Amino acid sequence: MTASLIDGKAIAQAIDEKVGQAAAQIAKVIDRKPGLAVVLIGEDPASQVYVRNKVRRATAAGMASTEIRKPADITQEDAISLVRRLNEDPTVDGILVQMPLPGHIDAGAVINTIDPDKDVDGLTAISAGRLLGGEPGLRPCTPAGCVLLAEQAMGDLTGKNVLVIGRSILVGKPAALLFLEKNCTVTIAHSRTKDLPGLCRQADILVAAVGRPEMIPGDWIKPGACVLDVGINRVEAPEKGEDKTRLVGDVAFDSAAAKAGWITPVPGGIGPMTIAMLLRNTISAAAARNGLTQTALP
Ligand code: NDP
């Protein structure tokens with residue numbers, strides 16, 4: 001391996017600590033802890049793990065973090081009423097509704113009910129519009145984590161060629177806009193893109209957000225590039241025993257690490273950064289909602 005490993009876990013931990021300091025400062029001024037409400041609808045096992053981790057890390061960083069669980073058969077009206085109540089609750093600075101929602105609920109309608117100033121996942125249409133318009137606002141967590149890791153690795157990103165593979169509203173599109181904000185030259189690839197290997201070979205920064213295990217081999221990587229692997233894929237791992245599985249990214253790690261300058265592992269790369277950015281957004285929201293400056297923020 002020639003690439004430097006980007007240790008997302010350690011970087012996220014350092015951010016959590018700074019968030020903790022900022023939370024303590026804010027708490028002194030507003031006389032309560034910054035509040036994060038995490039809504040979990042249904043019983044999806046992966047969502048339960050994600051929500052537990054978010055609540056645990058927010059609590060550890062000194063926030064008042066509450067998990068609100070609702071059954072999978074909740075009506076859309078009741079889900080929207082719940083979000084409205086949280087919008088009006090002055091002790092709640094950030095609201096996150098864990099995706100995916102049960103099929104009978106219009107996820108867009110629920111998300112877009114969130115007060116944009118409490119939208120710590122950065123997924124409402126207003127937050128997306130603010131990002132597109134270059135206005136201040138809460139940015140989607142996973143793409144914000146990608147940019148921060150790229151800056152930590154490479155410093156100033158001005159003029160870098162970025163290839164984002166994937167065009168979802170959750171990762172690909174906002175990642176492209178955030179790198180554009182950093183004066184990068186951005187290309188977005190997707191399932192209909194022609195000559196993906198050729199585009200990869202020109203990318204100084206490659207963001208892989210596809211959801212296909214190890215689809216990007218090392219010989220597509222530009223020598224010295226920064227590889228940010230967002231993909232989380234569970235695959236069979238017979239070497240660990242019968243019925244065992246392991247997590248892999250969208251990038252074939254070993255061969256890519258032999259070519260790249262920097263690379264994120266899966267797990268332990270982008271994943272931990274997503275929660276760190278959620279906590280950072282919650283602090284930003286708490287500060288902004290209470291008219292405080294954000295100089296202490298990480
Ligand atoms: P989506 O399924 O919404 O989007 C996947 C994108 O990949 C689509 O734009 C699709 O193109 C594109 N794509 C599919 N096949 C190919 C291909 N052969 N070549 C090029 N592009 C292709 O996924 P998400 O954006 O929600 O998530 C992507 C991955 O990131 C998943 O593995 C997910 O688990 C992971 N993830 C990780 C997070 C973290 O915290 N680390 C957070 C969020 C997601 P098209 O639009 O044409 O269909």
(request) Go through (1) within 19 Å of the chain's Cα centre (by Cα); (2) away from the ligand (no atom under 16 Å from the Cβ) one by one and return the number of the condition residue 106 breaks. (result) (1)
(request) Find the strands (runs of 3 or more DSSP E) located wholly in segment 203-298 whose residues include 2 or more that are of a type in the set (Val, Ile, Thr), and list them. (result) 205-208, 245-248
(request) Please indicate, with yes or no, whether at least one residue in segment 137-149 is away from the ligand (no atom under 11 Å from the Cβ), free of Cβ contacts under 8 Å to residues at least 40 places away in the same chain, over 20 Å from residue 94 (Cβ atoms) and not in a helix (DSSP H, G or I). (result) no
(request) Mind telling me which of the residues 74, 165 ends up being over 30 Å from residue 226 (Cβ atoms), modelled with pLDDT of 95 or more and of a type in the set (A, V, I, L, M, F, W, C)? (result) 74
(request) Could you pull out the residue among 95, 105 that is part of a loop (DSSP other than H, G, I, E, B), in contact (Cβ under 8 Å) with a residue 12 or more places away in the chain and not assigned by TED's automatic domain parsing to the domain that holds residue 232? (result) 105
(request) Go through segment 37-84 residue by residue and tally those that are polar (S, T, N, Q) and within 18 Å of the chain's Cα centre (by Cα). (result) 3
(message) Can you report the number of residues in segment 163-215 which are within 6 Å of the ligand (Cβ to nearest atom), within 17 Å of the chain's Cα centre (by Cα) and surrounded by fewer than 20 Cβ atoms within 10 Å (Cβ to Cβ)?
(response) 4
(message) Name the residue that is surrounded by the most Cβ atoms within 10 Å (Cβ to Cβ), counting only residues in segment 248-267 that are within 10 Å of the ligand (Cβ to nearest atom) and of a type outside the set (Val, Ile, Thr).
(response) 249
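The values are calculated or read from the model by the stated rules, or taken from the named source; none is laboratory data. Nothing here was measured: the structure is a model prediction, and the numbers come from that model. So basically every Cβ, Gly included, is an ideal-geometry build from the backbone, and we count neighbours across all protein chains shown.
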